[in-house]
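This report concerns only the one structure given below.
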Amino acid sequence: ALRKGSDLEKAFATAALVYNNYADPKGKLSKAETKSLLQSQFWHVIQGQENKPKYKEVISFLDEESENKIDFEDFMILLVSLTLMSDLLQEIKNVKTTK
């Protein structure tokens with residue numbers, strides 16, 4: 001999928017590959033590892049979102065001490081949620097209209 005797929009397929013395959021590289025042998029991430037992954041690999045999307053209530057809610061969930069781990073499905077939901085609450089879509093629209 002990384003070589004032959006469409007751009008969208010490649011994007012999701014890349015997300016799966018990055019997740020897999022961080023995940024434990026059971027295919028899960030601790031909340032702390034998830035937060036670290038998002039902050040290092042998704043920084044440009046979440047940058048500037050720190051004061052938004054929904055962003056704070058997501059981060060506070062990841063800061064909670066618990067033995068619960070994040071699986072790939074939950075990780076993808078986090079990615080989509082953070083993307084939707086970010087300014088990324090508006091930035092893309094701005095690029096389209098300025099060309």
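The values are calculated or read from the model by the stated rules, or taken from the named source; none is laboratory data. These numbers come from a predicted model, not from an experiment. So basically every Cβ, Gly included, is an ideal-geometry build from the backbone, and we count neighbours across all protein chains shown. Accessible surface is based on the protein model in full, side chains and every heavy atom, while ligands, DNA and RNA are left aside. Shrake-Rupley method; radii C 1.70, N 1.55, O 1.52, S 1.80 Å.
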Next on the checklist: Condition first: touching a residue at least 24 places away in the same chain (Cβ under 8 Å) and β-branched (V, I, T). Can you find one or more residues in region 24-34 that meet it?
Outcome noted: yes
Checklist entry - Do any residues in region 62-76 that are open to solvent by 70 Å² or more (accessible area, probe 1.4 Å) have Cβ atoms under 6 Å from those of residues that are part of a loop (DSSP other than H, G, I, E, B), where the two are at least six apart or on different chains, and which pairs are they? => result K69/K28
Checklist entry - Which one is nearest to F72 (Cα to Cα), of the residues in region 13-44 that are at pLDDT 90 or above and of a type in the set (F, W, Y)? => result Y19
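This table checks each residue for (1) at pLDDT below 85; (2) of a type outside the set (V, I, T); (3) under 27 Å from R3 (Cβ atoms).
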{"site": "I46", "(1), (2), (3)": "yes, no, no"}
{"site": "K69", "(1), (2), (3)": "no, yes, no"}
{"site": "F72", "(1), (2), (3)": "no, yes, yes"}
{"site": "M85", "(1), (2), (3)": "yes, yes, no"}
